Amino acid sequence: MKKVLFGISILLLTSAPVFAAPSVNGSTGLINNPSADVLREGQVSLGYYHLKDGGVGIFNTNIAPNLELGVAGFRYDGQQNKNLVNAKFALVPETVLSPGLAVGVEDIGNNNKRSSYAVASKALPLGFRIHAGVGNGRFDGVFAGIEKTINPVSILTGNNAFPATTLIAEYDGKNMNYGARMSIVPGLKLDAGWRNHDGYVGISFTN
C-alpha cells in the first residue's frame, strides 16, 4: 500500500515535467495557452507546429532561476512574418497539495498583440491536470485548460507498450481547442489537434 501511495505521489509531482512542451504561441504550455511550468536551469526547448496557413518555429530556454525566455517565429503564406518574444516567471512551484503559479508576457515587442497573464497549474489524481489564468491582449479575460494522461501506468512502471499520451482541451479566451501530445522518447513529443477552427500538427524536444 505504501508503494502505491508513493507511486501516486510521484505521478502527481512529475506529470508537469514529463509532458512539458512549448505551446503553439511559444511559451511552455498546452495548445494556445501557457501553463505555470517554466523550463528548469540548463533546459532548452525546440519545436515546430504546422498550421493551415503556415507554421511556427519555437525556441525557449531558462536564463535565470524560475525564468523562461523564448521566441516564436510565425511564417504565414502570403502574409508578413512575425517573431514574438515571450517571457514567463514562476512565482510558486507546484506541489502535491498546492498549484504552481506563474506570470508572463507574450509578444513583448508588440509585433502582433502584447499579452500579459497570470496562470495556475495543478496535477490531480488519475492523470488529470488543470490550468486556469487571467490575461489581457489575446487572452481577453479568463483562459483555462485540462489535460488527461491516458497511460499513467507506463510512467510508474516503465512499461512502454503504448507511448504515454496526454489529451488536451482548452479555452484560450476566444476559442475551444483540442489536441493530443504523445511522448515518443524522453523529451521528444508529437502533437496534433484542432486549434482556432483548423487542424495542426507539431513536434518538440526538451532536454
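Any idea which of Pro22, Pro163, Val142 is furthest toward the positive side of the dipole for the chain, if Lys and Arg beta-carbons carry +1 and Asp and Glu beta-carbons -1?
Pro163
Report, to the nearest whole %, how much of the accessible area of segment 63-202 belongs to carbon and sulfur atoms, 1.4 Å probe, protein only.
Heavy-atom surface of segment 63-202 belonging to carbon and sulfur, 1.4 Å probe: 65 percent.
Quote the relative contact order of the chain in percent (integer), defining contacts as alpha-carbon pairs under 8 Å separated by 6+ residues.
18
Quick query: amide H of Ser23 versus all other amide H atoms, modeled in the peptide plane; which residues come in under 5 Å with a sequence gap of 5 or more or a different chain?
Thr28, Gly29
State in Å² the accessible area per residue of the chain; use a 1.4 Å probe, count heavy atoms of protein chains only, and round to the nearest integer.
49
Select one label from (1) 30; (2) 21; (3) 24: the one whose number is percent of Cα pairs over 28 Å apart as derived from the coordinates shown.
Derived directly from the coordinates: (2).
Show me, for segment 111-125, the HN-Hα J-couplings you get by feeding each phi into the Karplus relation (A = 6.51, B = -1.76, C = 1.60, θ = phi - 60°), rounded to Hz, glycine and proline as x.
3J(HN,Hα) across segment 111-125, in whole Hz: 6, 10, 7, 4, 9, 9, 7, 10, 9, 10, 9, 8, 6, 10, x.
If you place +1 on the Cβ of every Lys and Arg and -1 on the Cβ of every Asp and Glu, how big does the dipole about the Cα centre of segment 62-207 come out, in debye to the nearest 20?
Rounded to the nearest 20 debye, it is 20 debye.
What pairs from Lys88/Lys189; Lys113/Lys189; Lys113/Lys174 go past 23 Å between their alpha carbons?
Too far apart for the 23 Å limit: Lys113/Lys189.
The values are calculated or read from the model by the stated rules, or taken from the named source; none is laboratory data. Computed from a predicted structure; not experimentally measured. A quick note on method: Cβ atoms are made from the backbone with ideal geometry, for glycine too, and the neighbour counts reach across all protein chains shown. Accessible surface areas use protein heavy atoms only, side chains included; no ligands, DNA or RNA. Shrake-Rupley method; radii C 1.70, N 1.55, O 1.52, S 1.80 Å.
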